[in-house]
Amino acid sequence: MSAQIIFGKQISDSIREELRMEADRLKAEGVTPGLVVIIVGEDPASQVYVRNKAKACEDLGYYSEVVRLPADTTQEALLALIGEYNGNGAVHGILVQLPLPKHIEEKAIIDAIAVEKDVDGFHPESVGNLMIGDDALLPCTPSGVIELLKRTGNSPAGKHAVVIGRSNIVGKPVAMLLLRENATVTICHSRTPNIEEMARQADILVVGVGVPKLVKKEWVKPGAVVIDVGVNRLPDGKLCGDVDYDDVVETAGWITPVPGGVGPMTITMLMANTLTSAKRSKK
Ligand code: GUN
């Protein structure tokens, strides 16, 4: 039997509907959620992401600013700008689009964002809060993965989740969130022997490594939930994930397509974080 497809766009749309209603309530109480997105340089993919983030703000009735800076902006100038937004009461979330030009140290920039406005969830204190189970703003793609699981009735509790990939942006935080949701979690990576065998143990398989079509049907336990976080561009210009979708779709119980699976959730969770931060600013 063919897997049930997890349509991230539909789930994302219904979450955005909830966010819009909550934002309206908050606005009636005098607080408009606000997000600033800062982009340095002309990277075309980043330009698209930034436009989509601003558009999502507009659609939900948030206050939105986009600051476009030239590629030769100094680290000091960027730090000074972040300092200004840290103190700006109309802005509840600060996102600096990555990657940054080589002469700017990403870590210094992330560290400078006030933790309560860290809507990317990349600040070391946010990461630490996630680890110890405190009230952190959660990184957007990983929290989107958890929402997809919960909203399709695939609660991680008591399941064996196998995460392939150990990046700071996907693998590690997704593993931590699955653990928090009471899954038993295994993390695999490029140095894991018998990775295929490990993957086949999974009730929930989450893949984020950036290798096109790495995961084949032999890696998947029949009926497993397969969440593909990879986005790769093939030589013919088409997008594909880290999972060989056509190969796996007959074996998995549930599967996310690429595009249209995890992708649409990332900006939605950014909007959710901005709203959370705005609500907290009221207290
Ligand atoms: N570049 C690509 N994805 C992201 C993201 O989620 N956050 C930031 N800040 N930059 C990105």
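The values are calculated or read from the model by the stated rules, or taken from the named source; none is laboratory data. None of these values were measured; they are calculated from a predicted model. In case anyone asks, the SASA skips ligands and DNA or RNA and just uses the protein heavy atoms, side chains included. Shrake-Rupley method; radii C 1.70, N 1.55, O 1.52, S 1.80 Å.
At-a-glance table
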| read-out | value |
| --- | --- |
| Å² of accessible area per residue within region 212-252, as computed with a 1.4 Å probe and no ligands counted | 48 Å² |
| Distance from region 85-100 to region 109-174 (C-alpha centre basis), Å | 19 Å |
| Of Lys150/Lys283; Lys107/Lys283; Lys27/Lys53, those spanning more than 26 Å from alpha-carbon to alpha-carbon | Lys150/Lys283; Lys107/Lys283 |
| In Hz, Karplus ³J(HN,Hα) per residue of region 19-30 (6.51, -1.76, 1.60; θ = phi - 60°; x = Gly, Pro) | 5, 4, 5, 5, 5, 4, 4, 5, 5, 4, 8, x |
| Lysines with Cα under 16 Å of Lys55, excluding same-chain neighbours fewer than 8 positions away | Lys9 |
| Mean projected area in nm² (Cα convex hull; one quarter of hull surface) for the chain | 15.0 nm² |
| Accessible area in square angstrom per residue, region 149-192, 1.4 angstrom probe | 49 Å² |
| Carbon plus sulfur fraction of accessible area for the chain, probe 1.4 Å, in percent | 54 percent |
| For Gln4, residues with placed amide H under 5 Å, excluding near neighbours | Trp254, Ile255 |
| Mean accessible surface per residue for region 58-120, computed with a 1.4 Å probe while every protein chain stays in place, in Å² | 48 Å² |
| Estimated [θ] at 222 nm from DSSP helical runs (n ≥ 4, -39500 (n - 2.57)) normalised by residues in the chain, nearest 500 | -12500 deg cm²/dmol |
| Region 11-58 and region 184-204: distance between their alpha carbon centers, rounded to Å | 35 Å |
